[in-house]
Each structure stands twice: as C-alpha cells, then as structure tokens.
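Any read-out appearing in this document is the output of simple, stated calculations on the displayed coordinates, not a laboratory observation. Note that the coordinates shown come from a computational prediction; the quantities given were computed from them, not determined experimentally. When we count neighbours, we look across all protein chains shown, and the Cβ atoms used for this are built from the backbone with ideal geometry, even at glycine.
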Amino acid sequence: MDYLTYELRGDVAVIGLNRPEKRNAISDAFIEELAEAIRRAEREAKAAVIHGHGPHFCAGLDLAEHVKKTPFEGVHGSRRWHEVFGWIQRGKLPWFAALHGAVVGGGLELASSVHVRVADRTAFFALPEGQRGIFVGGGASVRSARLMGVARMTDMMLTGRSIDADTAERWNLVQYVVPEGEAVDKAVELAAHAATNAEISTYAVIHALPRIQDMSTDDGLFVESFIASFTATSPEAEARLNAFLQKKAGKVARPGDAG
Ligand code: 1HE
C-alpha cells in the first residue's frame, strides 16, 4: 500500500493515513486504497481505528490534483468520497478516529464519517473551503453539520475559524480529548471494547441511530420498538442476558472505574 498502513491489534484493524510529506492529503489513488482497506477490515476485524502518520491527521483534498480536474470530474470525485466514507459510516464495523494536528477540510469530513472521535491536544479543526473558492464535497454538509450544527459550520466556513480540541469537544465534533500522542492508544482501547459487543447491537447503533435522528418523533419511536424487540430476541441477547442474571457478566462500571 502506498498511502496507508494496516495492522491488526487483536480484533481491531488500525489504519494509518501515510502520506505525511503531503500532510496526508487525499488523492484519487489514496481514496481507492482507503476503499480496499475498509473492505479488508470488514473481513478481518470487529472494529477499526483510523489515524494519521506525521505531524497531522489529514489536510483534506489533494489540491494539486483537484486543480487539474474538470467540474464533472470533480462531481465524480466527490461522489466517490461519499460512497467510500459511507462504507465507514454505514458499514459493518464500529469505527474510531484518533486525531492530531490538522483535521481540516476533507480530513474533518473523513473524521465525521466515523462513529467515535478521539483528539489529542495538538488537534485543530477547520473548513478552509471558503478560502480556497470551493465547497465541502466529502460529506461535511451532511455529517459535520449534524455533529456541530449548521451555525457553527457556517461560522467556520465563512470566517476560516480554526478550533482547538477542547472547543471541538464542546461542539460535539469529538467525544474524547487526551494528552498529546495518546489518541491512537485511546481509540484502540475504545474500539477493542466495542468489538466485544453483540454484533447485532453494534449494527443497530450504527445504522438505526442516525436514521432515527432524521425521522419524526413518532416514526422514530415506532422503528425503535421493532429494533429493540428484534435484537432482544436474538440467541446472543438471550445468552448475554442470562449471563448477567446468573452473575457471570460484569456490572455497569462507575465513571472512572476500569470497565
Ligand atoms: C498539500 C495539501 C493539500 C498540504 N493538497 N498538498 N485543505 C487545505 O486547504 C489545507 C491546506 N494545507 C495546509 O493548510 C497546511 O499544509 C497544514 C496546516 C495542513 C499543514 O501545514 P505544515 O506547515 O505542516 O505543512 P506545509 O508546509 O503547508 O505542507 C507540506 C506539503 O504538503 C507541501 O508540499 P511541498 O511539495 O511544498 O512540500 C504542501 O503543498 C502539501 N500539502 N496540504 C495538496 N490539501 C472532497 S472535498 C474536500 C475539500 C477540501 O478538503 S478543501 C481543504 C483542502
């Protein structure tokens, strides 16, 4: 692989963006490698982590390649990003991102397609598309806007505002902030935990929660009741529920206790 590293840590696939000399800027060939790595992780792992090698997570779209494209090639490129990032967001695995340095433009769009984001204190977030004369094209108007809200995203795009990790946590762009250099380990720890969940519950979380959020209250509650009933009657749920009742499964941990 030219642009990625791939390793298995137990049940967790760890994928590293590996074009540090160009700040992990994503070209067409890069996105195709990512597509392959996602499919491989789905075959080999139960959860996945994505991170960046070098000083930054990802500088977004490869602008040197983009500048040579026709408008229609640009549309196809954007649609391919949507497709590939969609395999992350609505695929088979829970995905975790470990973020540091620049998480900008398409880098933030990639980060927004995973399920849980961990940032270290060096991470900063921006959407410089407005300054570059373009618009977001890797899903930010849908995914990042749903995370932080349209008002904040509008501010970032109009003013070029760059925010730090703590602000990103307040804005719901990231769920964990850790000391410098610790994001990958934290993300792998969280992913390893998610890998122990019942597959059907994880699938419901990934696929049902965002869809229900897009529904009316009445439709959401109706759909929820069917998913709850379907998952609860699976053989795995029966085994897990009985294990708890027979005191063979762990109790819910208090915050701060080992899980
Ligand atoms: C790049 C890219 C890139 C760096 N495409 N080559 N994204 C941006 O507008 C972000 C542009 N990048 C930056 O603002 C900075 O590079 C960083 C803040 C991310 C990092 O700064 P720094 O000082 O560590 O690195 P650098 O010296 O700016 O860059 C090192 C090299 O990477 C340099 O190339 P070199 O040949 O001169 O060594 C840069 O040109 C190159 N480089 N970023 C191509 N993005 C599907 S739509 C998504 C739309 C977007 O993502 S728009 C936002 C694009």
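Summary of computed values
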{"quantity": "Additional length obtainable on full extension of the chain from His207 to Asn242, 0.36 nm per residue less Cα span", "calculated": "10.0 nm"}
{"quantity": "Assigned charges on the beta-carbon of Lys, Arg, Asp, Glu; the range 199-245 dipole about Cα centre (debye)", "calculated": "120 debye"}
{"quantity": "Pairwise label distance in nanometres, Gln131 with His53, each label 7 Å out on the Cα-Cβ vector", "calculated": "2.8 nm"}
{"quantity": "Net charge contributed by nearby residues that have their C-beta within less than 13 Å of Leu245 (K/R +1, D/E -1)", "calculated": "+3"}
{"quantity": "Volume per residue that the Cα convex hull of the chain spans, once the total is divided by residue count, Å³", "calculated": "142 Å³"}
{"quantity": "The range 64-75 - phi-based ³J(HN,Hα) in whole Hz, Karplus 6.51/-1.76/1.60, Gly and Pro as x", "calculated": "5, 6, 5, 5, 8, 8, 6, x, 5, 4, x, 4"}
{"quantity": "Residue among Ser225, Tyr203, Leu241 farthest towards the positive dipole end of the range 199-245, charges placed on Cβ", "calculated": "Leu241"}
{"quantity": "Summed side-chain charge close to Leu127 - residues other than Leu127 whose Cβ falls under 11 Å, Lys, Arg +1, Asp, Glu -1", "calculated": "0"}
{"quantity": "Acute angle (nearest 10 degrees) that the helix 150-159 long axis makes with the longest principal axis of the chain, alpha-carbon atoms", "calculated": "20 degrees"}
{"quantity": "222 nm mean residue ellipticity, helices alone, for the chain (DSSP H n ≥ 4; -39,500 (n - 2.57); rounded to 500)", "calculated": "-15000 deg cm²/dmol"}
{"quantity": "On Cα atoms only, tilt of 217-232 relative to the major axis of the chain in degrees", "calculated": "60 degrees"}
{"quantity": "Reachable lysines from Lys69, criterion Cα separation under 20 angstrom, eight or more residues apart if same chain", "calculated": "Lys22"}
{"quantity": "Angle in degrees between helix 235-245 and the longest Cα principal axis of the chain, rounded to the nearest 10", "calculated": "60 degrees"}
{"quantity": "Residue-span extension gain [Asn172 to Asn197] - 0.36 nm each, minus C-alpha spacing", "calculated": "6.6 nm"}
{"quantity": "Rounded Å value of the spacing that divides the Cα centres of the range 169-186 and the range 50-121", "calculated": "17 Å"}
{"quantity": "Potential lengthening between Ser216 and Ser234 on full extension [0.36 nm per residue; Cα-Cα distance subtracted]", "calculated": "3.7 nm"}
